[in-house]
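Contents: one structure, followed by commentary.
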Amino acid sequence: MSEKPDPMTVPFGTVFCDWMATARSQDGVYEYSGHVEEYGDFSLSPAAHALHYGSAVFEGMKAHWQADGSLAIFRLDDHVARMRQSTAQLRLPIPESSTLREMIVDAVEANVAEVPAAPGSLYIRPTIIGTEPNIGAAATPSCEALLFVVNCPVGDYFKGGVRPLTLLVEETIPRTTPQFGMVKSGANYAMALAPTLDAMEKNSAVDQILFATGGDITETGAANFFLADEDRVVTRQLDSSFLHGVTRASVLTLAQDLGYNVQERPIELNELAEWANRGEAFLSGTAAVLSPVGTILRGDENIVFGDGEPGPNTLRLRERLVAIQSGHSEDQHGWRTTVGS
Ligand SMILES: *Cc1c(COP(=O)(O)O)cnc(C)c1O
């Protein structure tokens, strides 16, 4: 294999591991050979459903080196469950949990030599696309599908490591349609792209757009939004308008363990200025981990949280999460799946 660039210095998700797992479904059942294959291009009909009608879903999770030298995938079964849910929403053939799980584990085991040391990790990207060759099938599901699992050695998602992010509020254009927000599908990203680029063009300091249609905060482009202070950890209640992050759920559990008053409720833009005086804001996601928010720009208003630096509660929760992901603290909730031997 040719020499690959250092994953810690190149952009997230641009280096791919040598091995992948694939399975095709013809009649609703994914036929997995039980063996990985070399990473490479697919052969696909130009009439494939996904290319025309957007029948594609994906997942994103990570494997981390552990304190004891083993390798563990974080919350594998939760990601498998969410992927099956997304697949159902697009009416694609749903893989058996056991097949999906086996393919993910096999890919990770095959690529173990390419997993970077902490703070690096292995990003795992299972994807399902509708492959039925039928461009008349706009209003019918794709009965044929391709499931594949590829891996990337990764460093930090946001350039510059753990640093306070600047968010720009978008109050008019939603990220996606309300009923589709909880589906992990490329279609949602396609919808959010133009408004995100348009908004960011006006301010080069902006890291992410915070979608808050009519003042009601949902999430950023690829991470969930939290408020915190000494006593409370607050995030939006689950509804179909936004992606139900596995990291979000992990943060809520850890916050509860630490004795915070955990609140899942609507968050209004109008609350932010007051929170900024005495509290903190952060984002959560597999790629983002737990990223402090320093500033939120809303029209002419410049909302700076504290002194604009990462807050103590944010860092405390982040450390707690990373300690579990990396095997430095006990896995009280059964979140780690050890792979290899
Ligand atoms: C994947 C994703 C997240 C984060 O989910 P995690 O399970 O925590 O990685 C948040 N928002 C969107 C839109 C996503 O696609």
Fill in: HN-Hα J in Hz across the range 132-148 - Karplus 6.51, -1.76, 1.60, θ = phi - 60°, x for Gly and Pro
4, x, 6, 7, x, 9, 4, 10, 10, x, 7, 7, 9, 8, 10, 10, 9
Item to complete: Give the relative contact order (percent, whole number) for the range 165-325; include only Cα pairs under 8 Å separated by 6+ residues.
Response: 24 percent
Worksheet item: Hey, what do the phi angles of the range 115-123 turn into as Karplus ³J(HN,Hα) couplings, whole Hz, using 6.51/-1.76/1.60 and θ = phi - 60°, x for Gly and Pro?
Response: 7, x, 5, 4, x, x, 7, 9, 8
Discussion item. Using a 7 Å offset from Cα along Cα-Cβ at ASN203, what residues in the range 289-311 end up with backbone N under 16 Å from the label point?
Written reply: 293-306, 308-309
Worksheet, complete the sentence: For GLU219, other-chain or 5+-apart residues with amide H closer than 5 Å (H placed, Pro excluded) are PHE211
Response to the item:
Taking only C-alpha positions in the range 19-154, Rg and Dmax in angstrom work out to 15.4, 54
Discussion item. Leaving out ligands, DNA and RNA, and with a 1.4 Å probe, what % of the accessible surface on the range 19-154 is carbon or sulfur?
Written reply: 51 percent
Worksheet item: Each label point is 7 Å from the Cα along the Cα-to-Cβ direction; what then is the distance between the points at GLU330 and PHE58, in nm?
Response: 3.8 nm
Item to complete: Quick one: which residues, 5+ away or cross-chain, put their amide H under 5 Å from the amide H of GLY327? H built at 1.01 Å from N.
Response: ALA67
Practice prompt. Take the alpha carbon gyration tensor of the range 165-325, find the square roots of its eigenvalues, order them as a ≥ b ≥ c, and report rounded if a/c is under 1.5; if not, report prolate when a/b exceeds b/c, else oblate.
Written response: oblate
Discussion item. With both bridge residues required to lie in the chain, what share of the DSSP beta bridges run antiparallel, to the nearest 5%?
Written reply: 80 percent
Worksheet entry | Compactness relative to 2.2 N^0.38 Å, alpha carbon Rg of the range 151-250 | 1.11
Worksheet item: Taking the DSSP beta bridges in the range 165-325 as the whole, what percent of them are antiparallel, to the nearest 5?
Response: 65 percent
Discussion item. Out of all Cα-Cα pairs in the range 1-52, roughly what percent, to the nearest whole number, are more than 17 Å apart?
Written reply: 59 percent
Practice prompt. Can you give me the three principal axis dimensions of the chain from its C-alpha atoms, in Å, biggest first?
Written response: 56, 51, 36
Practice prompt. Only Cα pairs under 8 Å and at least 6 apart count here; give the relative contact order of the chain as a rounded whole percent.
Written response: 20 percent
Discussion item. Under the 0.36 nm per residue contour assumption, what length would be gained going from the current alpha-carbon distance of ASP307 and ARG232 to full extension?
Written reply: 25.1 nm
Worksheet item: So between VAL322 and ASP77, what do we pick up on full extension, going 0.36 nm a residue minus the alpha carbon distance?
Response: 86.3 nm
Fill in: Rg and Dmax of the range 118-206, Cα atoms only, in Å
17.6, 49
Fill in: Contour excess over end-to-end distance, with Cα ends at ALA117 and THR338 and 0.36 nm allotted per residue
78.0 nm
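The values are calculated or read from the model by the stated rules, or taken from the named source; none is laboratory data. Because the structure is a prediction, the values reported are computed rather than measured. With ideal geometry, Cβ positions are generated from the backbone for all residues, glycine too; neighbour counts draw on all protein chains shown. Heavy atoms of the whole protein, side chains included, go into the accessibility calculation; ligands, DNA and RNA do not. Shrake-Rupley method; radii C 1.70, N 1.55, O 1.52, S 1.80 Å.
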